[in-house]
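Structure, as C-alpha cells:
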Amino acid sequence: MIGDYETVRAAVDGEGDVLAALVLLRELKAELTAWEPRLIEAARSRGTSWARLAPALGVSSRQAAERRYLRLRQDLGDTAEGRVRAARDRRAADRAVAAWARDHAEALRDLAGRVAVVDARVRAAVADGDPVVLVDALEAALETTRVADPALAAEVRAVVADVARARQR
C-alpha cells in the first residue's frame, strides 16, 4: 500500500505531479477493475463456489458475490443492474427449457433417434442421455434435417418453437 496522506503528499511536489498521480490512479483503477472478473472466472473454472469467493470479494453472501461479478461484466449489458437482470432472466429461461425437456424427454428421444440418422451432432446428443442436450442438438440439426427429410424437419421446427415458447414464459 502507498501509505497515509502525509506519505502521498511528500511523494508529489507540485500541481503537475498531483495531476499526473490522479491520472495514474484512474488508469490503475480501470486496470484492476478489468482484472477482477477474470480472476473470478478463473476461480469459478477451478471449482470455487460463490460462497467461498464472497469473503475474498469483500461481500457477505454467495448471492452478493455473484451479483458483484455480474455487475463487473461489461459484455452482458449496458448497466450493472441490467447485467444482473439479464443473467437472472437467462438462468430462468434455461431452467424453463430444462423443465420442458424433462417433461417431454420421451418425445425428444424419439425425434432425436430419427434425426440421428442424418446428423452426427444429434447422434452424440442421444448418447449423452440428457434431454436438455437434445434440445440444442435438434435445433442445430434443423438445416441438415430440412435437406434430408422435410417432413422430419417440420417436426424439429415444431419442437424448436415449443422450446422458444417455454423459454419466454
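Below, the figures for the structure above:
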| read-out | value |
| --- | --- |
| Any hit, the stretch 2-18, residues being touching a helix residue (DSSP H, G or I) at 6+ places or on another chain (Cβ under 8 Å), over 28 Å from PRO131 (Cα atoms), of a type outside the set (Gly, Ala, Ser) and modelled with pLDDT of 85 or more | no |
| Condition broken by VAL159, with the remaining ones in (1) over 30 Å from LEU39 (Cα atoms); (2) buried (at least 19 other Cβ atoms within 10 Å of the Cβ); (3) in contact with a Phe, Trp or Tyr (Cβ under 9 Å, 6 or more places away or on another chain) satisfied | (3) |
| Residue pairs meeting the criteria (Cβ under 7 Å; at least 6 apart or on separate chains; first part of a helix (DSSP H, G or I), in the stretch 14-40; second of a type in the set (S, T, N, Q)) | none |
| Any hit, the stretch 70-81, residues being at pLDDT 90 or above and surrounded by 13 or more Cβ atoms within 10 Å (Cβ to Cβ) | no |
| From ARG44, ARG102, residue being modelled with pLDDT of 90 or more, charged (D, E, K, R), under 17 Å from the mean Cα position of the chain (by Cα) and part of a helix (DSSP H, G or I) | ARG44 |
| Any hit, the stretch 86-93, residues being surrounded by 13 or more Cβ atoms within 10 Å (Cβ to Cβ), more than 30 Å from VAL135 (Cα to Cα) and either among the aromatic types (Phe, Trp, Tyr) or at pLDDT below 90 (or both) | no |
| Counted residues, the stretch 115-139 - those being part of a helix (DSSP H, G or I) and surrounded by fewer than 14 Cβ atoms within 10 Å (Cβ to Cβ) | 4 |
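The values are calculated or read from the model by the stated rules, or taken from the named source; none is laboratory data. Please read these numbers as outputs of a predicted model, since none were measured by experiment. Using ideal geometry, Cβ is built from the backbone for each residue, glycine included, and neighbour counts are taken over all protein chains shown.
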